[in-house]
Amino acid sequence: MADASMTGEESRPKNSEFSKNPEKILIFSGKRKSGKDFITDELFARLGKEKSVIIKLSGPIKSHWAKIKNLDAKQLFGDGEYKEAYRREMTKWGEDTRNKDYGYFCRAAILMYNANDKPIWIISDARRKTDLKWFKEHYADKCKTIRISSSEEVRKNRGWKFCRGIDDSETECDLDDVTYWDLEINNNGEDIELILHEIIDILN
């Protein structure tokens, strides 16, 4: 696993470090509690670890934050209240870094998850137009974008509560006005098998 402390120019991952290109990249987006993590986990289980890898763009941010703050990294990568307590600070640090180099965390995450030898990349948490831009700039027609949506009622039933400064921030809203996705999925309790079938279809 690559060092995600990311301090100093020497730790900056460069595009030239990538020795192989993937065959397909599935880029998932969705709001908090839309179920995108569940869907991408199920997809990974279906495709298998020899063929695919989940890449969390937030992974380098959480790893760095756990290291410098001496936090529980496992809980930061989870979906509970522990992560939410640090979300604002992590988001601010991530934004400051991204404003200097919008592809920074895309490159860092590819290295962190050792993705280069896997034919299918599952990007589980695209949040900004610049995330889509970077992957399309570097991998073009290998990319498929997928938007996961759920109603507010369903999200509330999954534990979502509106939080000012988070749910109205760029991390949650920047992709709201994107009008074209290769696949749009309503995840309001639909059969996971049907959802996986739709996703796997666009791989072919």
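Once the whole set of protein chains is in place, how much accessible area is left on Thr91, using a 1.4 Å probe, in Å² to the nearest 10?
Taking all protein chains as shown, Thr91 has close to 40 Å².
Tell me, in nm to one decimal, what length is gained between Asn188 and Ala45 on full extension, where the rule is 0.36 nm per residue of separation less the Cα-Cα distance? Spell out each step's value before the answer.
Details: separation 143, 0.36 × 143 = 51.48 nm, distance 2.11 nm.
Length gained between Asn188 and Ala45: 49.4 nm.
Measure up Lys69/Lys133; Lys49/Lys100; Lys67/Lys133; Lys67/Lys92 against 27 Å on the Cα-Cα distance and list the ones that go over.
On the way: Lys69/Lys133 31 Å; Lys49/Lys100 33 Å; Lys67/Lys133 29 Å; Lys67/Lys92 17 Å.
Distance filter (> 27 Å) returns Lys69/Lys133; Lys49/Lys100; Lys67/Lys133.
Which GluC sites (Glu not before Pro) does segment 17-66 hold that lie in a coil by DSSP with at most 13 other beta carbons within 10 Å? List each step's numbers first, then the result.
Values: sites: Glu17, Glu23, Glu42, Glu50; in loops: Glu23, Glu50.
Filter output for segment 17-66: Glu23, Glu50.
How much solvent-accessible surface does Ile200 expose, in Å² to the nearest 10, with a 1.4 Å probe and all protein chains in place?
50 Å²
Positive end of the charge dipole of segment 24-202 (Lys, Arg +1 and Asp, Glu -1 on Cβ, about the Cα centre): tell me which of Ile120, Ala108, Leu183 has its Cα farthest that way.
The listed residue farthest towards the positive side: Ala108.
Tell me the accessible surface of Val178 in square angstrom (1.4 angstrom probe, heavy atoms of protein chains only), to the nearest ten.
Rounded to the nearest 10, the figure is 40 Å².
Under 5 Å between amide hydrogens, which residues at least 5 positions from Thr145 or on another chain qualify, with H placed 1.01 Å from N in the peptide plane?
For Thr145, the qualifying residues are Ile27, Asp182, Leu183.
Tell me whether segment 24-202 comes out rounded, prolate or oblate; compute the Cα gyration tensor, take square roots of the eigenvalues as a ≥ b ≥ c, and use a/c under 1.5 as the rounded threshold. Before the final figure, lay out each step's value.
Values: a/c = 1.38, a/b = 1.11, b/c = 1.24.
It is rounded, given that a/c, with a ≥ b ≥ c, falls under 1.5.
The values are calculated or read from the model by the stated rules, or taken from the named source; none is laboratory data. This structure is a prediction, so every number in the text was calculated from the model and none was measured. Methodologically, a virtual Cβ is constructed for each residue, glycine included, from the backbone with ideal geometry; neighbour enumeration extends over all protein chains shown. Please note that ligands, DNA and RNA were not included when accessible areas were found on the heavy atoms of the full protein model with its side chains. Shrake-Rupley method; radii C 1.70, N 1.55, O 1.52, S 1.80 Å.
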